[in-house]
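The values are calculated or read from the model by the stated rules, or taken from the named source; none is laboratory data. Computed from a predicted model, the values in this text were never measured in an experiment. Using ideal geometry, Cβ is built from the backbone for each residue, glycine included, and neighbour counts are taken over all protein chains shown. Accessible surface is based on the protein model in full, side chains and every heavy atom, while ligands, DNA and RNA are left aside. Shrake-Rupley method; radii C 1.70, N 1.55, O 1.52, S 1.80 Å.
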Amino acid sequence: MTSRFAYGHNPHSTAHVISTTRALMRTDGLDVPLASIARHCGITRNFLYSNWKSVSALHLHALRTELAEAFNTAAHARPSDGTARGIAGHLTEVVRVVRRHPTTAAVARSSPEAFRSAQSATEAPLMQVATERISDLLHPLYPHGGVWSDPALASRPWKILWVARPAALCYEAVGDQDRETTLDTAFTELTLDLLAPWGTTTP
C-alpha cells in the first residue's frame, strides 16, 4: 500500500481498516466478510481487495495486531524484570490476556477447525510473531549477544510457545477462577523449568 493510506483517521487509512477489522472480529471471528469491513469503514470492497487482496490477509493483520497488544497489555500489568521468574510472570499475563480476549472465543466459535489446528500447528505467521516477542523477552538472560548467541536459550522461545498455546487458547476456562489459576500455575511452572539453566529467582 502507498504511504497516502498509512496515516490519519480517514476511512482509507491502514490504521482505520485494521481497527475496524479487529472490532468486528471480536464478535464474529473469522466469519467477518470483506463486505462487512468495507461497510463499517465507509469504503468499497474494491478498494480493500486492491490493497489487501483477500479478507484472510485482513484477518491475519488484525490478529497480529491483537497479539502485539496482548504483549503490551501484559507489559503494563505485569512487566518483566529481566529475570527468569520475571519473564515467566510476564508471559503468564500474556497467556491470560489472550485467553480472556473476545477474539479468541469468537474465532473458536466461528472457525472451530482453524482454531483446533492453531493449537498444533508447527509453522504459522502468528506463531512467528509470538516467537519473536518471546525471544525479545529472553534477551536479558544472555546479555552478551542475545538469545541467538546461546543455542540452548535460542531453543526456548519455541518450547515456551508450545506450552503456552493450550493455556492461552482455553477460552472455555474464562470465568472459572480455579481452572484459570490451574492453567496459569502450570504454564508458569513449565516456563520456569524451561528457563531453569538461567536462574529462577529475582535479584
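Regarding Val55, is this residue open to solvent by 30 Å² or more (accessible area, probe 1.4 Å), of a type in the set (Val, Ile, Thr), more than 19 Å from Ala167 (Cβ to Cβ) and in contact with a helix residue (DSSP H, G or I) (Cβ under 6 Å, 6 or more places away or on another chain)?
yes
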Would the range 39-47 turn up any residue that is aromatic (Phe, Trp, Tyr), more than 25 Å from Phe187 (Cβ to Cβ) and either surrounded by 17 or more Cβ atoms within 10 Å (Cβ to Cβ) or out of contact with any Gly (no Cβ under 7 Å at 6 or more places or on another chain) (or both)? yes
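Yes/no matrix, rows are residues, columns are (1) within 14 Å of the chain's Cα centre (by Cα); (2) acidic (Asp, Glu); (3) part of a helix (DSSP H, G or I):
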residue	(1), (2), (3)
Leu126	yes, no, yes
His144	no, no, no
Leu153	no, no, yes
Trp162	yes, no, yes
Thr104 meets each of (1) open to solvent by 30 Å² or more (accessible area, probe 1.4 Å); (2) in contact (Cβ under 8 Å) with a residue 40 or more places away in the chain with one exception, condition (1)
Conditions: (1) open to solvent by 70 Å² or more (accessible area, probe 1.4 Å); (2) in contact (Cβ under 8 Å) with a residue 12 or more places away in the chain; (3) within 21 Å of the chain's Cα centre (by Cα). Ala186 meets all but one. Number of the miss? (1)
What tally of residues in the range 172-202 results from selecting those that are in contact with a Ser or Thr (Cβ under 6 Å, 6 or more places away or on another chain) and more than 18 Å from Leu161 (Cα to Cα)? 1
From Arg85, Arg78, Arg116, grab the single residue that is touching a residue at least 60 places away in the same chain (Cβ under 8 Å) and among the charged types (D, E, K, R). Arg85
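Okay, residues lined up against (1) open to solvent by 40 Å² or more (accessible area, probe 1.4 Å); (2) of a type outside the set (S, T, N, Q); (3) part of a helix (DSSP H, G or I):
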{"site": "Glu113", "(1), (2), (3)": "yes, yes, yes"}
{"site": "Ala130", "(1), (2), (3)": "no, yes, yes"}
{"site": "Leu138", "(1), (2), (3)": "no, yes, yes"}
{"site": "Ala167", "(1), (2), (3)": "no, yes, yes"}
{"site": "Gly175", "(1), (2), (3)": "yes, yes, no"}
{"site": "Thr181", "(1), (2), (3)": "yes, no, yes"}
{"site": "Thr191", "(1), (2), (3)": "no, no, yes"}
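When you check Asn10 against the structure, is it modelled with pLDDT under 90, over 16 Å from Val107 (Cβ atoms) and either surrounded by fewer than 17 Cβ atoms within 10 Å (Cβ to Cβ) or among the basic types (Lys, Arg) (or both), yes or no?
Working: modelled with pLDDT under 90: yes; over 16 Å from Val107 (Cβ atoms): yes; either surrounded by fewer than 17 Cβ atoms within 10 Å (Cβ to Cβ) or among the basic types (Lys, Arg) (or both): yes.
Answer is yes for this residue.
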